[in-house]
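> Dumping the structure here so I can ask a few things about it.
The values are calculated or read from the model by the stated rules, or taken from the named source; none is laboratory data. Not measured: the values here are computed from a predicted model. Counting neighbours? That spans all protein chains shown, and the Cβs are built from the backbone with ideal geometry, glycine included. Note: areas computed on protein heavy atoms with side chains; ligands, DNA, RNA excluded. Shrake-Rupley method; radii C 1.70, N 1.55, O 1.52, S 1.80 Å.
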Amino acid sequence: MRPILICALSSTLLALPAIAAAAAGEAFASTYQPLASSATVLRHATVLIGNGQRLDNADVLLRDGKIAALGTQLQVPDGSLEIDARDKWVTPGLIDVHSHLGVYASPGVTASADGNEMSAPVTAQVWAEHGVWPQDPGFAKALAGGITSMQVLPGSANLIGGRGVTLKNVPATTMQAMKFAGAPHGLKMACGENPKRVYGTRMQSPMTRMGNMAGYRAAFSEAREYAEQWADYAKATAKAGKDKKTEPAKAPKRDLRLDTLAAVLNGEIQVHIHCYRADEMANMIALADEFGFKIAAFHHGVEAYKIADVLAKEHICGALWADWWGFKMEAYDGIEENIALVDRPEGGCAIVHSDSAEGIQRLNQEAAKVIGSAQRVGIAIAPERAIRWLTENAARALGVLEHTGTLEAGKMADVVVWNGNPFSVYAKADQVFIDGALLYDRNDPAHQPTSDFMLGQEASP
Amino acid sequence: MNRIMRRVIAFVLLATSSVASAQDVLIRNATVHTASTAGTLRGSDVLVQGGLISAIGNALAAPAGIAIVDANGAPLTPGLFAGVSGIGVEEVSAEPSANDGALVFGATVPQAAQMRPEFDVTLAYNPRSSLLPVARMGGLSFTQLAAGSALGGSIIAGQGAVVRLDGRFDGIPFAEQRALFINLGGNLAPLSGNSRAGAYMLLAQAIAEARSAAPAGSVNTLLTPAGRSALAGYFARGRVLVGVDRAADILRVIAIAQREKLNIVLVGAAEGWLVAAQLAAAKVPVLIDGLENLPGSFDSLGATLENAARLHAAGVAVGFSQRGDASHNARKMRQLAGNAVANGLPWEAGLAGLTAMPAKALGVSHRIGSIEVGKLADLVLWSGDPLEVTNSARQIWLAGKAMPMQSRQTQLRDRYLRAAGPLPRAYP
């Protein structure tokens with residue numbers, strides 16, 4: 001298994017306690033409970049484990065919500081549900097690291113445009129999870145496409161847009177009942193055109209890329225000072241505890257915006273940066289070095305192929321589209337082989353992301369397009385390698401690889417059974433399991449969720 | 001490996017350019033998807049002379065000196081439709097200086113003068129746009145240039161035309177096949193007094209003015225004299241492409257078209273399947289987005305991946321066009337058709353939706369859209385099933401000319417694919 005370098009590195013960078021941040025992290029705790037499931041064995045499948053390996057004619061046993069075993073002719077507990085998966089392909093549940101489901105829900109009405117707090121360039125205090133509408137019909141469509149987990153992020157209007165949340169893609173009435181327990185928060189940052197356009201047109205800073213960088217630096221300088229105040233407070237409190245005569249220290253004033261950024265400096269939050277151009281990504285790496293935080297992934301990274309070696313060396317993932325380009329200037333240099341080239345170096349971490357309610361439904365097709373375009377330049381990419389872009393690498397960027405993202409024993413039984421090779425326009429998810437429970441079955445309407453919003457609509461499809 | 005491949009490609013290009021006419025070629029042993037009543041011909045040859053398809057059959061005699069391409073059984077299709085787009089009109093979507101697709105006067109002129117059917121987007125067409133080679137790499141050979149409706153503009157967006165993506169300055173071959181664009185729906189309500197009923201009111205007024213029901217120069221007229229004349233032209237000939245999704249609106253549009261004798265094609269039609277019988281009876285073709293299955297607005301609550309299959313089964317002519325960034329992402333058109341096929345549309349209808357159907361609906365089927373003798377030789381040789389996203393175009397011919405399989409994107413790719421050398425990559 002790939003070492004979880006992100007966590008290992010970030011914890012050594014700054015040894016500042018973040019008392020306030022830790023307290024904030026426990027708020028809005030997950031209430032997610034896996035649905036009841038019986039032991040299930042998938043027999044005779046082509047299995048893409050998610051870690052680069054493939055098993056042919058293999059069995060996968062799901063038990064107590066976990067992957068219990070992989071192999072051939074597995075002995076299974078009495079009463080296990082047997083599924084004949086001959087001619088089918090089995091993969092880990094797909095993970096989208098960049099979704100706005102719930103915060104930019106369907107239908108796209110003004111009342112539920114809750115993804116961009118465009119009131120200041122740094123809004124680290126806002127959390128995407130507070131804008132998530134669990135009845136977004138897009139969740140169910142994504143489930144039918146094999147998505148079992150996703151990170152819902154704030155939009156990119158701001159330099160620092162707020163916290164992202166990782167959800168399990170289960171139908172629920174509350175966000176908390178979808179929240180992935182134990183997943184770290186993400187921080188959404190944005191480079192380039194969007195923040196400078198949003199604020200520049202208001203004659204405010206940032207108006208230029210210079211202003212963008214000044215904005216990040218000011219925010220993290222403030223956060224460093226804030227974290228130090230809390231560290232001093234922690235030291236003083238400890239001292240007061242030992243020495244009864246000392247006056248109890250006064251706690252610094254709690255600041256929700258700086259809580260988030262202090263937690264970033266402490267390595268408790270995964271940093272996700274919307275950044276298109278190669279030169280800007282290099283500047284963001286320098287920013288991270290200056291303040292001692294770690295970047296989990298550059299998102300969109302249309303020019304990531306220009307610095308694929310740097311990204312691999314820095315252990316930064318590229319969360320990318322298969323083929324989007326040209327809709328703005330910083331997307332002008334897009335190429336169809338971007339993902340393949342980011343995947344290519346030793347240690348490269350390529351991720352197929354969607355940023356789209358349409359794209360999230362067919363990440364497998366996005367990856368298939370990349371396989372096809374790589375083929376044109378003589379780069380052969382096997383399915384067992386490509387699946388990592390949608391599973392293992394995505395889980396790594398979200399900091400949940402120890403829980404999900406591959407079909408290794410002991411991990412969550414987040415599993416998709418495909419009607420064939422998933423890297424095809426004709427592929428369909430037949431069944432989707434989340435924590436061992438059957439959440440979707442293409443051939444059984446009783447296992448196809450419908451959101452409250454779609455219920456009873458006269459024009460329902 | 002890559003260097004070798006590049007040499008092979010260079011050799012092929014050299015070979016094709018050394019023959020007497022660059023518009024003659026004999027393609028041997030292809031699986032020819034004709035997109036015509038002839039269906040699919042296996043192991044067939046296609047002979048191209050003077051830019052036209054001159055013969056189709058087995059073991060055709062090779063004229064002296066002609067370039068021969070052995071397809072080795074690979075699929076050969078007509079050049080594909082790139083959808084209703086702004087290819088050549090929209091270089092960078094977000095840059096006003098590089099996007100000419102919609103007329104937006106905004107507050108600078110009174111609302112009454114914002115409806116300009118005389119707006120002709122083809123005058124902004126740049127055949128040397130970087131989007132053309134990118135589209136050709138995806139096997140796309142023609143598009144319907146669209147005039148768009150944007151806030152500050154009008155529901156009658158203006159005119160466009162079909163253009164072949166050959167990059168030539170000397171024209172838009174199908175300039176005579178003009179189309180007027182009208183866009184309806186809740187998202188455009190601000191253009192009609194914040195009500196879709198207002199859109200029908202304004203349309204009725206504009207039509208009445210064009211039919212000279214109001215004396216020119218009356219107060220509160222919507223159209224300029226040029227606009228009246230442009231709109232009136234569509235009563236007799238040409239096509240009206242109507243962007244519309246909600247089933248109830250589709251029925252209203254059909255009624256207006258029948259009353260005013262307009263030749264309409266629907267674009268979008270997310271809820272088309274709900275009124276499939278009426279569309280079939282009125283013989284109205286539709287261009288739909290085969291990936292659309294979300295209720296993106298209250299106009300498309302009925303969106304489903306089975307829209308194409310259901311419409312086709314009801315006898316409606318179904319083709320494809322993309323919502324979203326239709327210009328840059330035009331190469332996604334094959335994926336739209338592929339998904340429609342994965343959701344019940346017969347494969348042949350999927351391919352027809354990218355070829356013969358749009359050519360017919362847009363009035364250019366006498367020249368393009370199928371592989372038939374006498375048609376322009378706009379052809380694509382594929383690595384496999386053209387609707388399968390892992391496959392790619394190996395070669396595209398436009399009027400028999402083998403177009404270079406290169407774009408700005410492949411050059412960027414090749415620049416960064418090679419190992420770093422002593423000089424920066426900016427050097428060749």
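> Can you name every residue in the stretch B:249-297 that is open to solvent by less than 40 Å² (accessible area, probe 1.4 Å), in a loop (DSSP other than H, G, I, E, B) and over 21 Å from residue A:455 (Cβ atoms)?
Result: B:262, B:269, B:282, B:284, B:285, B:289, B:290, B:291.
> Moving to a separate point now. Hey, does the stretch A:278-301 have a residue that's out of contact with any strand residue (DSSP E or B) (no Cβ under 8 Å at 6 or more places or on another chain) and within 13 Å of chain B (Cβ to nearest Cβ)? So that I can check it myself, show each step before the final result.
Of the residues in the stretch A:278-301, the ones out of contact with any strand residue (DSSP E or B) (no Cβ under 8 Å at 6 or more places or on another chain) are A:278-280, A:282-283, A:286-287, A:289-292.
Narrowing further to those that are within 13 Å of chain B (Cβ to nearest Cβ): A:278.
The answer is yes; a qualifying residue exists.
> Another question about this same structure. Suppose we keep only residues that are closer than 30 Å to residue B:292 by Cβ and in a loop (DSSP other than H, G, I, E, B) within the stretch B:208-248. Which one would you say is farthest from the other protein chains (Cβ to nearest Cβ)?
Across the stretch B:208-248, the extreme among qualifying residues is B:238.
> Give me a count of the residues in the stretch A:196-220 that are out of contact with any Phe, Trp or Tyr (no Cβ under 6 Å at 6 or more places or on another chain), of a type outside the set (D, E, K, R) and open to solvent by less than 70 Å² (accessible area, probe 1.4 Å).
Of the stretch A:196-220, the ones out of contact with any Phe, Trp or Tyr (no Cβ under 6 Å at 6 or more places or on another chain) are A:196-205, A:207-219.
Adding the requirement that they be of a type outside the set (D, E, K, R) leaves A:198-201, A:203-205, A:207-208, A:210-216, A:218-219.
Subsequent filtering for residues that are open to solvent by less than 70 Å² (accessible area, probe 1.4 Å) retains A:198-200, A:208, A:211-216, A:218-219.
Adding up the residues that qualify gives 12.
> In the stretch A:307-316, what residues are of a type outside the set (D, E, K, R) and either within 14 Å of chain B (Cβ to nearest Cβ) or surrounded by fewer than 23 Cβ atoms within 10 Å (Cβ to Cβ) (or both)?
Here is the first cut: in the stretch A:307-316, the ones of a type outside the set (D, E, K, R) are A:307-308, A:310-312, A:315-316.
Residues satisfying the conditions are A:307, A:308, A:310, A:311, A:312, A:315.
> Can you confirm whether residue A:6 is surrounded by 21 or more Cβ atoms within 10 Å (Cβ to Cβ) and modelled with pLDDT of 95 or more?
On the way: surrounded by 21 or more Cβ atoms within 10 Å (Cβ to Cβ): yes; modelled with pLDDT of 95 or more: no.
So residue A:6 does not fit the description; no.
> Tally time: how many residues in the stretch A:132-190 are among the aliphatic types (A, V, I, L, M), closer than 30 Å to residue A:283 by Cβ and either free of Cβ contacts under 8 Å to residues at least 12 places away in the same chain or open to solvent by less than 10 Å² (accessible area, probe 1.4 Å) (or both)? Before the answer, list the steps.
To start, the set of residues in the stretch A:132-190 that are among the aliphatic types (A, V, I, L, M) comprises A:132, A:140, A:142-144, A:147, A:150, A:152-153, A:157, A:159-160, A:165, A:167, A:170, A:172, A:175, A:177-178, A:181, A:183, A:187, A:189-190.
From what's left, closer than 30 Å to residue A:283 by Cβ: A:150, A:152-153, A:157, A:159-160, A:165, A:183, A:187, A:189-190.
From what's left, either free of Cβ contacts under 8 Å to residues at least 12 places away in the same chain or open to solvent by less than 10 Å² (accessible area, probe 1.4 Å) (or both): A:150, A:152-153, A:157, A:159-160, A:165, A:187, A:189-190.
Adding up the residues that qualify gives 10.
> Looking at the stretch B:393-403, which of the residues that are open to solvent by 20 Å² or more (accessible area, probe 1.4 Å) and within 14 Å of chain A (Cβ to nearest Cβ) is farthest from residue B:78 (Cα to Cα)?
The extreme case among them is B:394.
> Okay, next question. May I ask you to say which residue of B:253, B:242 is β-branched (Val, Ile, Thr), in contact (Cβ under 8 Å) with a residue 12 or more places away in the chain and closer than 14 Å to residue B:157 by Cβ?
Values: B:253 fails: closer than 14 Å to residue B:157 by Cβ.
Just a single option satisfies the conditions, and that option is B:242.
> Sort through A:297, A:304 and tell me the only one that's over 18 Å from residue A:266 (Cα atoms), small (Gly, Ala, Ser) and open to solvent by less than 30 Å² (accessible area, probe 1.4 Å). Working first, answer last.
On the way: A:297 fails: over 18 Å from residue A:266 (Cα atoms).
Sole residue among the options that is over 18 Å from residue A:266 (Cα atoms), small (Gly, Ala, Ser) and open to solvent by less than 30 Å² (accessible area, probe 1.4 Å): A:304.
> If you don't mind, there's one more thing I want to ask. Do we find a residue being under 12 Å from the mean Cα position of the chain (by Cα), charged (D, E, K, R), closer than 26 Å to residue B:367 by Cα and not in a loop (DSSP other than H, G, I, E, B) anywhere in the stretch B:132-148?
No, the stretch B:132-148 has no match at all.
> Look at the stretch B:372-392 and say how many of its residues are facing chain A (nearest Cβ under 8 Å) and of a type outside the set (Gly, Ala, Ser).
Here the count works out to 5.
> Shifting gears a bit: Consider residue A:39 carefully, then state whether it is more than 30 Å from residue A:176 (Cβ to Cβ), open to solvent by less than 50 Å² (accessible area, probe 1.4 Å) and modelled with pLDDT of 95 or more. Reasoning before the result, please.
Values: more than 30 Å from residue A:176 (Cβ to Cβ): no; open to solvent by less than 50 Å² (accessible area, probe 1.4 Å): yes; modelled with pLDDT of 95 or more: yes.
Criteria not met by residue A:39.
> Do we have any residue at all in the stretch B:249-262 that's more than 14 Å from residue B:183 (Cα to Cα), away from chain A (no Cβ under 11 Å), modelled with pLDDT of 95 or more and within 16 Å of the chain's Cα centre (by Cα)?
Checking the stretch B:249-262: not a single residue is more than 14 Å from residue B:183 (Cα to Cα), away from chain A (no Cβ under 11 Å), modelled with pLDDT of 95 or more and within 16 Å of the chain's Cα centre (by Cα).
> A further question follows. Which residues, counting only those in the stretch A:87-146, are hydroxyl-bearing (Ser, Thr, Tyr) and either in contact with a Phe, Trp or Tyr (Cβ under 9 Å, 6 or more places away or on another chain) or away from chain B (no Cβ under 12 Å) (or both)?
To start, the set of residues in the stretch A:87-146 that are hydroxyl-bearing (Ser, Thr, Tyr) comprises A:91, A:99, A:104, A:106, A:110, A:112, A:119, A:123.
Those that are hydroxyl-bearing (Ser, Thr, Tyr) and either in contact with a Phe, Trp or Tyr (Cβ under 9 Å, 6 or more places away or on another chain) or away from chain B (no Cβ under 12 Å) (or both): A:91, A:99, A:106, A:112, A:119, A:123.
> Looking at the stretch B:363-374, is at least one residue among the small types (Gly, Ala, Ser), touching a helix residue (DSSP H, G or I) at 6+ places or on another chain (Cβ under 6 Å), farther than 28 Å from residue A:426 by Cα and surrounded by fewer than 20 Cβ atoms within 10 Å (Cβ to Cβ)? Explain how you work it out, then say what you get.
Residues of the stretch B:363-374 that are among the small types (Gly, Ala, Ser), as a first pass: B:363, B:365, B:369-370, B:374.
Then drop every residue that is not touching a helix residue (DSSP H, G or I) at 6+ places or on another chain (Cβ under 6 Å), which leaves B:365, B:369-370.
Narrowing the set further to residues that are farther than 28 Å from residue A:426 by Cα leaves B:365.
Next cut, surrounded by fewer than 20 Cβ atoms within 10 Å (Cβ to Cβ) only: B:365.
Yes, there is a match, as at least one residue in the stretch B:363-374 is among the small types (Gly, Ala, Ser), touching a helix residue (DSSP H, G or I) at 6+ places or on another chain (Cβ under 6 Å), farther than 28 Å from residue A:426 by Cα and surrounded by fewer than 20 Cβ atoms within 10 Å (Cβ to Cβ).
> Checking the structure you have, find out if any residue of the stretch A:320-331 is of a type in the set (D, E, K, R), more than 11 Å from chain B (Cβ to nearest Cβ) and open to solvent by less than 10 Å² (accessible area, probe 1.4 Å).
In the first step, residues of the stretch A:320-331 are kept if they are of a type in the set (D, E, K, R); the result is A:323, A:328, A:330.
Applying the additional criterion that residues be more than 11 Å from chain B (Cβ to nearest Cβ) yields none.
No; the residues of the stretch A:320-331 include none that is of a type in the set (D, E, K, R), more than 11 Å from chain B (Cβ to nearest Cβ) and open to solvent by less than 10 Å² (accessible area, probe 1.4 Å).
> Another question, if that's okay. Could you tell me how many of the residues in the stretch B:298-323 are modelled with pLDDT of 95 or more and either within 9 Å of chain A (Cβ to nearest Cβ) or open to solvent by 20 Å² or more (accessible area, probe 1.4 Å) (or both)?
Residues of the stretch B:298-323 modelled with pLDDT of 95 or more: B:298-322.
From what is left, the residues that are either within 9 Å of chain A (Cβ to nearest Cβ) or open to solvent by 20 Å² or more (accessible area, probe 1.4 Å) (or both) are B:298-307, B:310, B:312-315, B:317, B:322.
Residues flagged as modelled with pLDDT of 95 or more and either within 9 Å of chain A (Cβ to nearest Cβ) or open to solvent by 20 Å² or more (accessible area, probe 1.4 Å) (or both) within the stretch B:298-323 amount to 17.
> Yes or no: residue A:405 away from chain B (no Cβ under 11 Å), among the small types (Gly, Ala, Ser) and either buried (at least 24 other Cβ atoms within 10 Å of the Cβ) or in a helix (DSSP H, G or I) (or both)?
Values: away from chain B (no Cβ under 11 Å): yes; among the small types (Gly, Ala, Ser): yes; either buried (at least 24 other Cβ atoms within 10 Å of the Cβ) or in a helix (DSSP H, G or I) (or both): yes.
Considered against the rule, which asks whether it is away from chain B (no Cβ under 11 Å), among the small types (Gly, Ala, Ser) and either buried (at least 24 other Cβ atoms within 10 Å of the Cβ) or in a helix (DSSP H, G or I) (or both), residue A:405 comes out as yes.
> If only one of A:345, A:383 is open to solvent by 10 Å² or more (accessible area, probe 1.4 Å), in contact with a helix residue (DSSP H, G or I) (Cβ under 6 Å, 6 or more places away or on another chain) and more than 8 Å from every other protein chain (Cβ to nearest Cβ), which one is it? Steps first, answer last, please.
Details: A:383 fails: in contact with a helix residue (DSSP H, G or I) (Cβ under 6 Å, 6 or more places away or on another chain).
The conditions single out A:345.
> Report whether or not residue A:425 is open to solvent by less than 10 Å² (accessible area, probe 1.4 Å), in contact (Cβ under 8 Å) with a residue 12 or more places away in the chain and outside any loop (DSSP other than H, G, I, E, B). Full working, then the answer.
Details: open to solvent by less than 10 Å² (accessible area, probe 1.4 Å): yes; in contact (Cβ under 8 Å) with a residue 12 or more places away in the chain: yes; outside any loop (DSSP other than H, G, I, E, B): no.
No; evaluated as a whole, the condition is false for this residue.
> From A:265, A:287, A:320, grab the single residue that is within 30 Å of residue B:334 (Cβ to Cβ) and in contact (Cβ under 8 Å) with a residue 12 or more places away in the chain. So that I can check it myself, show each step before the final result.
Details: A:265 fails: within 30 Å of residue B:334 (Cβ to Cβ); A:287 fails: within 30 Å of residue B:334 (Cβ to Cβ).
Checking each option against the conditions leaves just A:320.
> Another question, then. Which strands (runs of 3 or more DSSP E) does the stretch A:52-134 wholly contain that include 1 or more residues that are closer than 23 Å to residue A:398 by Cα?
Values: elements: A:54-63, A:66-71, A:81-84, A:89-92, A:94-99.
Because the criterion is at least 1 residues that are closer than 23 Å to residue A:398 by Cα, the strands (runs of 3 or more DSSP E) in the stretch A:52-134 that meet it are A:66-71, A:89-92, A:94-99.
> Test each condition in (1) small (Gly, Ala, Ser); (2) within 29 Å of residue B:22 (Cβ to Cβ); (3) within 14 Å of chain A (Cβ to nearest Cβ) for residue B:61 and report the one that comes out false.
The one condition residue B:61 does not meet is (3).
> Just a yes or no: is a residue in the stretch A:232-246 crowded, with 16+ Cβ neighbours inside 10 Å, under 27 Å from residue A:301 (Cβ atoms), touching a residue at least 24 places away in the same chain (Cβ under 8 Å) and not basic (Lys, Arg)?
No, that holds for no residue.
> For the stretch A:169-221, which residues satisfy the criterion of being of a type in the set (D, E, K, R), part of a helix (DSSP H, G or I) and away from chain B (no Cβ under 14 Å)? Explain how you work it out, then say what you get.
First, the residues of the stretch A:169-221 that are of a type in the set (D, E, K, R): A:179, A:188, A:193, A:196-197, A:202, A:209, A:217.
Applying the additional criterion that residues be part of a helix (DSSP H, G or I) yields A:193, A:196-197, A:209, A:217.
Within the stretch A:169-221, A:209, A:217 meet the criteria.
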